[in-house]
Amino acid sequence: MSLVVSTFKIPKMDCPSEEKIVRIALDKSNKVKSLAFNLGERSLTVVHEGESGEILKLLEPLKFGARIAESREISEAEEVFVDSSEGNLSQSASEATVLKQLLAINGFMFFLELFWGIYAGSTGLIADSLDMFADAAVYGLSLFAVGKAIELKRKAARTSGFLQVLLALGALSEVIRRLVFGSEPEGLFMVGIAALALVANVVCLLLLSRHREGEVHMRASWIFSTNDVIANAGVIIAGLFVLWTKSNWPDLIAGSVITIVVLRGGLMILKISAKEKPLIADPS
């Protein structure tokens, strides 16, 4: 069967968490041969067998607003190029090394922010630590998925989604508890630890700088770390407002917003990875 290349516009796909959700959804189809994401343009190019409408049916349940922008058959020469380029990129030792470094940094910062968030009574820091965990899960899953079967990748995604949801629910319950019973977050600790997290994410950006125009998962990681810088800045601003107003409201707001983002991503990953059967049948 000849291959088709289809480009989809996905308006609500603008971060690597949503890219991961799309990947999980399309992993169910044995007709999908390769994926190329462009988060900046919110588009996805798929090389696949069969009709593009079948791929669209996999994307529609995500509610990301996917639509077909272009679809055409590709030549045998293009098929050889796609196969060889995908194989070479996925085996890049340099990119794998960077992913391991990103995993180590984000994993360390998750535990550091979680500890100091609890010590300083800051839901903003606790929630920001969950954001670090979500990053580490993405990098860890990317490394684990190399050369693995689809079912193993789905199980890994389900595990990371479950942990994200569990931790986010714990953080959300802490926000509610402190809203009801009150809290006295340490604004100085919030600013200091969030600034350290900001430095860690800047280091991640420096590590990624040579690869941000490379393979798609590296470009996605660049955007992911850029978004984290914004979250870190939000916690720093909240800490400054805590110092200025002597109120816990800035901390509770920052913690709630970041926690809800992490919780939403975890729930969507669980929803997609829980579907065991492929939506496109194997023609054999």
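The values are calculated or read from the model by the stated rules, or taken from the named source; none is laboratory data. Predicted model only: the values in this text are computed from it and were never measured. We place every Cβ from the backbone using ideal geometry, glycine too, and count neighbours over all the protein chains shown.
Return the pair list, or none, for Cβ contacts closer than 6 Å from residues in segment 255-266 that are in a helix (DSSP H, G or I) to residues that are β-branched (Val, Ile, Thr), at least 6 apart or on different chains.
255/123; 255/175; 256/175; 266/165
Which of (1) surrounded by 18 or more Cβ atoms within 10 Å (Cβ to Cβ); (2) among the polar types (S, T, N, Q); (3) at pLDDT 85 or above does residue 173 not meet, given it meets every other one?
(1)
When the residues of segment 39-77 are filtered to those that are touching a helix residue (DSSP H, G or I) at 6+ places or on another chain (Cβ under 8 Å) and either polar (S, T, N, Q) or assigned to a strand (DSSP E or B) (or both), which remaining residue is surrounded by the fewest Cβ atoms within 10 Å (Cβ to Cβ)?
Initial filter on segment 39-77 (touching a helix residue (DSSP H, G or I) at 6+ places or on another chain (Cβ under 8 Å)): 39-40, 44, 46-48, 55, 58-59, 61-62, 64, 66-68, 71, 74.
Checking which are either polar (S, T, N, Q) or assigned to a strand (DSSP E or B) (or both) leaves us with 44, 46-48, 67-68, 71.
Working: 44: 26, 46: 25, 47: 20, 48: 23, 67: 12, 68: 15, 71: 17.
Top of the filtered list is 67.
Of all residues being surrounded by fewer than 18 Cβ atoms within 10 Å (Cβ to Cβ) and of a type in the set (Val, Ile, Thr) in segment 192-215, which is modelled with the highest pLDDT? Just the residue, please.
199
Which residues, taken from segment 10-38, are in contact with an Asp or Glu (Cβ under 6 Å, 6 or more places away or on another chain) and either outside any loop (DSSP other than H, G, I, E, B) or hydroxyl-bearing (Ser, Thr, Tyr) (or both)? Outline the logic, then answer.
Of the residues in segment 10-38, the ones in contact with an Asp or Glu (Cβ under 6 Å, 6 or more places away or on another chain) are 30-31, 34, 37.
Within segment 10-38, 34, 37 meet the criteria.
May I ask you to say which residue of 166, 172, 198 is in a helix (DSSP H, G or I) and either over 30 Å from residue 247 (Cβ atoms) or under 17 Å from the mean Cα position of the chain (by Cα) (or both)?
166
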